[in-house]
Amino acid sequence: MFIKKLKNSPFWYRTLTESLFYLFLFLLPWQTRYIVEQGYLNGGMWEYGTFSLYGTDILLLLIFLLAIFYHYYATNHKPRPIANYLPFLAFLLISFLSLYWSINQEIAFYYWLRLLGAAILLYIIFKININFRKAGASLVIAGLVQAELAIFQFFQQNVFANKWLGMSEHSPDVLGDQVVETLEGRYLRAYGSLPHPNMLAGLLVLSLFLLVFFYLTSKQRYQKIFCCVALPLLSAGLFFTFCRAAFIGFGVAWVFAFLLIFWKQKKYRVDFLKLTVFITLVIGVLAIIYPSLIFSRVGEITRLEKKSITERASYQQESLEIIKNNWPTGIGLGNYTQYTHDNTQENLKAYAYQPVHNIYLLIMSELGIFGFIIFILIITGAFRNFNFKKIETIIVGISVVAMLAAGFFDHYFFTLYFGMLLFWLPIGLLYKSQ
């Protein structure tokens with residue numbers, strides 16, 4: 001009887017499923033979680049060995065169950081060709097097989113569940129009818145909330161703790177918290193509600209590109225005004241993260257966007273040039289106000305920046321050595337920091353154990369050459385039938401380019417819950433557009 005009612009009244013059911021998905025996108029940055037098991041390494045708390053259940057996990061699972069009914073009972077959609085799923089299924093399979101040769105199989109299984117969550121997100125994207133403007137609006141509003149929080153945190157030089165919002169306390173005086181060190185002192189980088197400023201920067205880059213879409217396609221004056229108000233807030237929030245990887249990714253993607261719009265979307269040329277000037281002015285003014293912080297991040301004038309650059313180079317060398325010794329299979333999903341503890345450096349503080357800041361080296365280190373090849377096939381498949389005539393596809397495509405470029409300098413797209421979902425979201429949308 002229940003199934004029959006679904007078939008007879010799909011509108012409300014479809015609306016519920018889609019609305020929950022937009023809510024999920026808005027809530028994604030909030031890291032409210034139940035820590036199932038706290039990881040410890042050398043007596044300190046170890047995030048890469050911590051097992052958590054996030055509030056948005058429950059929401060994602062609910063949407064997944066609804067999406068199954070949505071597709072099979074409330075719609076007449078034809079199934080997508082199995083070839084569209086094969087790369088993702090192969091990546092899941094090889095990740096699961098890595099459990100058998102992992103040093104810590106519990107950690108490998110937990111990270112596989114995280115990867116399965118990303119696969120569930122892709123399934124939902126493929127199966128339900130997504131309104132791009134509504135989905136984009138959810139992420140832009142989420143980004144605006146985070147940007148305002150970031151600006152507040154920078155001027156307060158403090159991140160307040162709130163377990164219900166999933167926020168930890170951070171201060172420039174605490175060792176291990178993310179700061180910019182200048183000759184005048186230490187300045188706390190903005191976190192938003194996320195566990196690291198770089199993750200906030202990734203969200204704000206995606207929000208900025210989506211805001212570009214709204215500005216280019218808005219026909220009402222009030223919509224343009226909203227975009228003009230939101231743009232400096234998102235830009236300032238991104239600035240106060242002081243994330244070099246995000247700015248590199250944003251810059252590379254912006255160049256691609258410039259070329260594509262001038263080549264394939266000529267009607268948006270003037271508005272895109274206005275946005276380019278506007279964002280440049282906002283970032284430029286902030287750079288003039290805070291020159292010492294900029295010089296510190298782009299140079300090696302302080303002890304902390306020299307240490308950061310040296311550590312990143314060390315991580316890359318360490319990763320290359322791991323790949324050399326384990327190239328066929330890798331060391332197991334999620335096992336990078338466990339491996340470095342057990343095989344190279346046993347006596348560091350827990351927070352000092354970091355994955356290599358490069359998702360490509362990280363994937364090859366943990367899943368071997370075959371896992372890396374499958375990953376590349378997934379990425380190239382997303383751009384296989386790229387539709388240059390749709391501005392929505394261009395915006396999603398350059399968002400993926402931004403993350404791929406940032407991935408050369410960071411790891412959270414493959415190691416942390418929020419980063420994994422943020423990474424696979426636009427890839428899923430790009431596949432869906434084909």
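The values are calculated or read from the model by the stated rules, or taken from the named source; none is laboratory data. From a predicted model like this one, the values you see are computed outputs, not experimental measurements. Cβ: placed from backbone, ideal geometry, glycine included. Neighbour counts: every protein chain shown. SASA here: full protein model, heavy atoms, side chains in, ligands and nucleic acids out. Shrake-Rupley method; radii C 1.70, N 1.55, O 1.52, S 1.80 Å.
Could you please find all residues in the stretch 152-164 being touching a residue at least 40 places away in the same chain (Cβ under 8 Å), crowded, with 17+ Cβ neighbours inside 10 Å and not polar (S, T, N, Q)? Residue satisfying the conditions is Phe154 alone.
Please find, within the stretch 114-146, the residue that is most open to solvent (accessible area, probe 1.4 Å) out of those that are of a type in the set (S, T, N, Q) and within 17 Å of the chain's Cα centre (by Cα). Walk me through how you get there before you give the answer.
Going through the stretch 114-146, the residues of a type in the set (S, T, N, Q) turn out to be 129, 131, 138, 146.
If we keep only those that are within 17 Å of the chain's Cα centre (by Cα) too, we end up with 138, 146.
On the way: Ser138: 16, Gln146: 1 Å².
Result: Ser138.
Scanning the stretch 248-263 for residues that are more than 25 Å from the chain's Cα centre (by Cα) and open to solvent by less than 70 Å² (accessible area, probe 1.4 Å) returns a single hit, Phe262. Restricting attention to the stretch 315-350, the residues that are at pLDDT below 85 and not in a loop (DSSP other than H, G, I, E, B) total 1. For the stretch 31-44, the set of residues classified as open to solvent by 50 Å² or more (accessible area, probe 1.4 Å) and in contact (Cβ under 8 Å) with a residue 24 or more places away in the chain consists of Arg33, Tyr40, Asn42, Gly43, listed by residue number. Each residue in the stretch 379-434 was checked for being over 15 Å from the mean Cα position of the chain (by Cα) and farther than 30 Å from Asn335 by Cβ, and 16 pass. How many residues are modelled with pLDDT of 95 or more and of a type in the set (Phe, Trp, Tyr) when one looks only at the stretch 419-431? Counting residues in the stretch 419-431 that are modelled with pLDDT of 95 or more and of a type in the set (Phe, Trp, Tyr) gives 2.
Between Ile379, Ile322, which is under 28 Å from Arg244 (Cα atoms), buried (at least 21 other Cβ atoms within 10 Å of the Cβ) and hydrophobic (A, V, I, L, M, F, W, C)? Don't jump to the end; show me each part of the working.
Values: Ile379 fails: buried (at least 21 other Cβ atoms within 10 Å of the Cβ).
Exactly one residue qualifies, and that residue is Ile322.
Surrounded by fewer than 16 Cβ atoms within 10 Å (Cβ to Cβ) and of a type in the set (Phe, Trp, Tyr), is that true of Tyr111? Answer is no for this residue. For Trp327, the conditions (1) under 24 Å from Leu122 (Cα atoms); (2) hydrophobic (A, V, I, L, M, F, W, C); (3) open to solvent by 10 Å² or more (accessible area, probe 1.4 Å) are fulfilled apart from (1).
Would you mind stating whether Phe375 is in contact with a Leu (Cβ under 9 Å, 6 or more places away or on another chain), in a helix (DSSP H, G or I) and more than 17 Å from Phe91 (Cβ to Cβ)? No; evaluated as a whole, the condition is false for this residue.
Of all residues in the stretch 45-61, those being in a helix (DSSP H, G or I), over 21 Å from Asp177 (Cα atoms) and either acidic (Asp, Glu) or open to solvent by 20 Å² or more (accessible area, probe 1.4 Å) (or both) number 5. With respect to (1) in contact (Cβ under 8 Å) with a residue 40 or more places away in the chain; (2) part of a helix (DSSP H, G or I); (3) surrounded by 18 or more Cβ atoms within 10 Å (Cβ to Cβ), the lone exception for Phe278 is condition (3). Residues in the stretch 264-273: is at least one open to solvent by 10 Å² or more (accessible area, probe 1.4 Å) and under 25 Å from the mean Cα position of the chain (by Cα)? No, because not a single residue in the stretch 264-273 is open to solvent by 10 Å² or more (accessible area, probe 1.4 Å) and under 25 Å from the mean Cα position of the chain (by Cα). Checking each residue in the stretch 98-108 for being part of a helix (DSSP H, G or I) and surrounded by fewer than 20 Cβ atoms within 10 Å (Cβ to Cβ) picks out Leu99, Tyr100, Trp101, Gln105, Glu106.
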